[in-house]
Amino acid sequence: MYVITGATGNIGSKAADILLAKGEKVRVIGRNADRLQWLVDKGAEAAVGNLKDSAFLTKAFSGATAVFAMIPPDYTATDFRAFQNEIGASIATAVKDAGVGYVVNLSSQGAELYEGTGPILGLHDQEERLNAVTGVNVLHLRCTYFMENLLMNIPQINEKGIAGSAVWGNQKFAMIATRDIAACVAEVLVKRDFEGKKVWDLLGQRDLSLNEAFAVIGREIGKPDLKYVQFTYEEAARGLREMGISSDVSRLFVEMSKALNEGLFAVKRPRTPQNTTPTSIEEFAAATFAEAYAASTQRKAA
């Protein structure tokens, strides 16, 4: 039995789907039974509850061959670090109390750093938390910047005709599609070929800048003149708040952007066949981004 937290998210849902297609037994965890139903229809067992409830999680983790663990985002949290720590502590307690033997933990590039990385610091804390649990083998997947983060630009493309954030437009860094992370999660859950506490970097197909990424995206969505604009940190924070993201989360995102600009993570990372994944920005733009953009324009027209 493989247990998947975050089973309604980009990574957990895809990993569960891959495992189910292989005929594996899967238990999916989420707060909303309706959103888990499509996985249940494919043979998954649903565990509906709150990740903050360690007793619920302990029961959900019981009997697991391996667990995929992640701290899901809450963009409305007034104290995001406290939210991360509460969820993280609950997961670690459940891993210990349920006697889980193998955990694949979703972490991030930059999780080795102790400060200055915004929300990534919570993943640093979670690595240390899980490393302190004895008797469990843990693989920390230190993934780079998700290509799916680029989807947050769709509203301003529709409204202002531009893409933009606080990240320098010409800064090259690693980007990854979440489907590639999910494939890696499913693979290592089944293989379980790690012992002790290990780290695996996942850097995507290649390094590229946001100028390059949105040039590709613009061509795919019929806007070949689409430009990426670098906002000041203050402008970026204000824009995030206007999207409904809390002031605290906005502040942390801007801190993460500054860390990326300064090359503290995901920049000039050595590449190997093991940390390089297949999906290119061209493939992502032609499928995931173009589909989401088309859906947004249809809603706008309606």
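The values are calculated or read from the model by the stated rules, or taken from the named source; none is laboratory data. Quick caveat: nothing in here was measured; it's all calculated off a predicted structure. Backbone-built Cβ (ideal geometry, glycine too); neighbour counts: all protein chains shown.
Somewhere in the range 182-196, is a residue farther than 20 Å from A7 by Cα, over 21 Å from the mean Cα position of the chain (by Cα) and aromatic (F, W, Y)? Yes, that holds for at least one residue.
Just to be sure before I move on: is A89 surrounded by fewer than 17 Cβ atoms within 10 Å (Cβ to Cβ) and among the aliphatic types (A, V, I, L, M) in the structure I sent? Walk me through how you get there before you give the answer.
Working: surrounded by fewer than 17 Cβ atoms within 10 Å (Cβ to Cβ): yes; among the aliphatic types (A, V, I, L, M): yes.
So A89 passes the test.
Quick one: in the range 1-27, of everything that is within 17 Å of the chain's Cα centre (by Cα) and buried (at least 22 other Cβ atoms within 10 Å of the Cβ), which residue is farthest from G99 (Cα to Cα)? Per the criteria, the residue is I11. Set side by side, the residues A236, A266 differ, and just one is in a helix (DSSP H, G or I) and surrounded by 14 or more Cβ atoms within 10 Å (Cβ to Cβ), which is A236. Residue-level check: of (1) in contact (Cβ under 8 Å) with a residue 60 or more places away in the chain; (2) touching a Phe, Trp or Tyr at 6+ places or on another chain (Cβ under 9 Å), S209 misses just (1). Count, please, the residues in the range 27-70 that happen to be touching a residue at least 12 places away in the same chain (Cβ under 8 Å) and among the acidic types (D, E). Selection size over the range 27-70: 2.
Among residues of the range 71-87 that are of a type in the set (A, V, I, L, M, F, W, C), those with a Cβ under 9 angstrom from a residue that is surrounded by fewer than 14 Cβ atoms within 10 Å (Cβ to Cβ) and modelled with pLDDT of 95 or more, sequence gap 6+ or separate chain, pair up as F83/K52; I87/K52.
Residue under question is F146, and the condition is that it be under 20 Å from T276 (Cα atoms), surrounded by fewer than 21 Cβ atoms within 10 Å (Cβ to Cβ), touching a Phe, Trp or Tyr at 6+ places or on another chain (Cβ under 9 Å) and not β-branched (V, I, T); does it hold? Quick ask: steps written out before the conclusion?
Numbers: under 20 Å from T276 (Cα atoms): yes; surrounded by fewer than 21 Cβ atoms within 10 Å (Cβ to Cβ): yes; touching a Phe, Trp or Tyr at 6+ places or on another chain (Cβ under 9 Å): no; not β-branched (V, I, T): yes.
Considered against the rule, which asks whether it is under 20 Å from T276 (Cα atoms), surrounded by fewer than 21 Cβ atoms within 10 Å (Cβ to Cβ), touching a Phe, Trp or Tyr at 6+ places or on another chain (Cβ under 9 Å) and not β-branched (V, I, T), F146 comes out as no.
F83 falls short on exactly one of the conditions (1) in a helix (DSSP H, G or I); (2) among the hydrophobic types (A, V, I, L, M, F, W, C); (3) more than 18 Å from I245 (Cα to Cα), and that condition is (3).
Considering the range 222-232, and only residues there that are in contact with a helix residue (DSSP H, G or I) (Cβ under 6 Å, 6 or more places away or on another chain) and surrounded by 15 or more Cβ atoms within 10 Å (Cβ to Cβ), the residue that is farthest from S165 (Cα to Cα) turns out to be L226.
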